[in-house]
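Novice: First the structure, which I've put down as C-alpha cells, then a few questions once you've had a look.
The values are calculated or read from the model by the stated rules, or taken from the named source; none is laboratory data. Just so it is clear, the structure is predicted and the values come from calculations on it, not from any experiment. Heads up, the Cβs are rebuilt from the backbone with ideal geometry, glycines too, and the neighbour counts pull from every protein chain shown. Ligands, DNA and RNA are stripped out before the accessible areas are found, and what is left, the full protein with its side chains, is counted by its heavy atoms. Shrake-Rupley method; radii C 1.70, N 1.55, O 1.52, S 1.80 Å.
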Amino acid sequence: MSPADKAFSDWNLDSAVADAISSKGWKNPTEIQVQSIPVARQGRDVVGQARTGSGKTAAFGIPIIEAASPSGEPQAIILCPTRELAVQVAEELTWLKGDSGLSIQTVYGGTDIEKQAKELQSGSDIIVGTPGRINDHLKRRSLNLSATKYLVLDETDRMLDMGFTPQIEMILKFVPKDHQTLLFSATLPNNILRISER
C-alpha cells in the first residue's frame, strides 16, 4: 500500500496523539511511518532504513507515546548520535505526545551533569540522549532503566561511525531483556545488522 492510500485516521490512534497530529495538519503518513508504525504497535522489533527528514521520529514516537504512561519511570530510551539530534527528537516528541501527560527529558554531554541527575531523579517517562552521557548516568546510578520497555537507536550508522558501539553495548546491559528495539539508520551495513540481532 503506498503512503498516499493511507491516512493517520485509519489507525485509530490514541486520542492525545491523534489530536496532536491533526493540530499539525498531518493527514497522510510517510513511507517509513506506513512501514514501521503498525509493526511497532504490535510490539515487534523494527529495523528501518530512513534518512533524516523522512518522518522517522514519528515512526518510533507514535507507538512509544501510545504505549507509555506518565509514571515517572523511564519506559523508553532513545539514543541519538549528537546533542542537536537529541534536542530535535525531544522537541518533536513533545508536541506529538499532546496532552498525554508524559514527561520527556534530554540527556547529553556538555551540560551540568549534577543538574541533569537531579532532573532525572524527579522522574521522566521518555529519555532522549547521547550514548556517552547516558552511560555516565548509569554508572552514577542517577538513571535506572529497569522499567524500560522500548529502546530506539536513531541514526545508528552515525553512532557507530562516531565510535559509540561500546557505550551502546553497555546500555543494553541495563535494559530488561524483553524490551522492544526500534532501530533506524540511513544505511544498513553488516555491523548494524549484528547490533540489531543482539
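Novice: Could you tell me which chymotrypsin sites (Phe, Trp or Tyr not before Pro) in the range 135-175 are loop residues by DSSP with no more than 16 other beta carbons within 10 angstrom of their beta carbon?
Specialist: Hits after loop and neighbour filter: nothing returned.
Novice: Provide the per residue accessible area, probe 1.4 Å, for the chain, rounded to a whole number of square angstrom.
Specialist: Here the residues of the chain average 48 Å² of exposed surface.
Novice: Pop out the carbon and sulfur fraction of the accessible area of the chain as a percent, whole number, probe 1.4 Å.
Specialist: Ligands and nucleic acids excluded, carbon and sulfur give 47 percent.
Novice: Follow-up question, since we're still on this one. With springs connecting C-alpha atoms under 10 Å apart, model the chain as a Gaussian network and identify which of Asp178, Asp19, Asp157 has the largest mean-square fluctuation.
Specialist: Of Asp178, Asp19, Asp157, the most mobile in the Gaussian network model is Asp178.
Novice: Return a single number: how many Lys pairs in the range 1-139, at a sequence separation of 8 or more or on separate chains, have alpha-carbon atoms below 21 angstrom apart.
Specialist: Total qualifying Lys-Lys pairs in the range 1-139 comes to 10.
Novice: Would you mind estimating how fast the chain diffuses translationally, via Stokes-Einstein at 20 °C and 1.002 mPa s with the Kirkwood radius over Cα pairs, in µm²/s?
Specialist: Once the numbers are plugged in, D ends up at 127 µm²/s.
Novice: Moving on. Just reorder His179, His137 by solvent-accessible area, largest first, 1.4 Å probe, all chains present.
Specialist: Heavy-atom accessible area, descending, gives His179, His137.
Novice: Using only alpha-carbon positions, what ratio does the radius of gyration of the range 1-101 give when scaled by 2.2 N^0.38 Å?
Specialist: In units of the 2.2 N^0.38 Å rule of thumb, it is 1.03.
Novice: Using a 1.4 angstrom probe with every protein chain in place, what is the largest-first accessible-area order of Glu66, Glu155, Glu197, Glu91?
Specialist: Ranking Glu66, Glu155, Glu197, Glu91 by accessible area, largest first, yields Glu197, Glu91, Glu66, Glu155.
Novice: Hey, another quick one. Quick one: Karplus J couplings for the range 113-119, per residue in order, coefficients 6.51, -1.76, 1.60, θ = phi - 60°, nearest Hz, x for Gly and Pro?
Specialist: Computed from phi, the couplings for the range 113-119 are 5, 5, 5, 4, 4, 4, 5 Hz.
Novice: If the viscosity is 1.002 mPa s and the temperature 20 °C, what Stokes-Einstein diffusion coefficient in µm²/s follows for the range 125-167 when Rh is the Kirkwood radius over Cα pairs?
Specialist: 188
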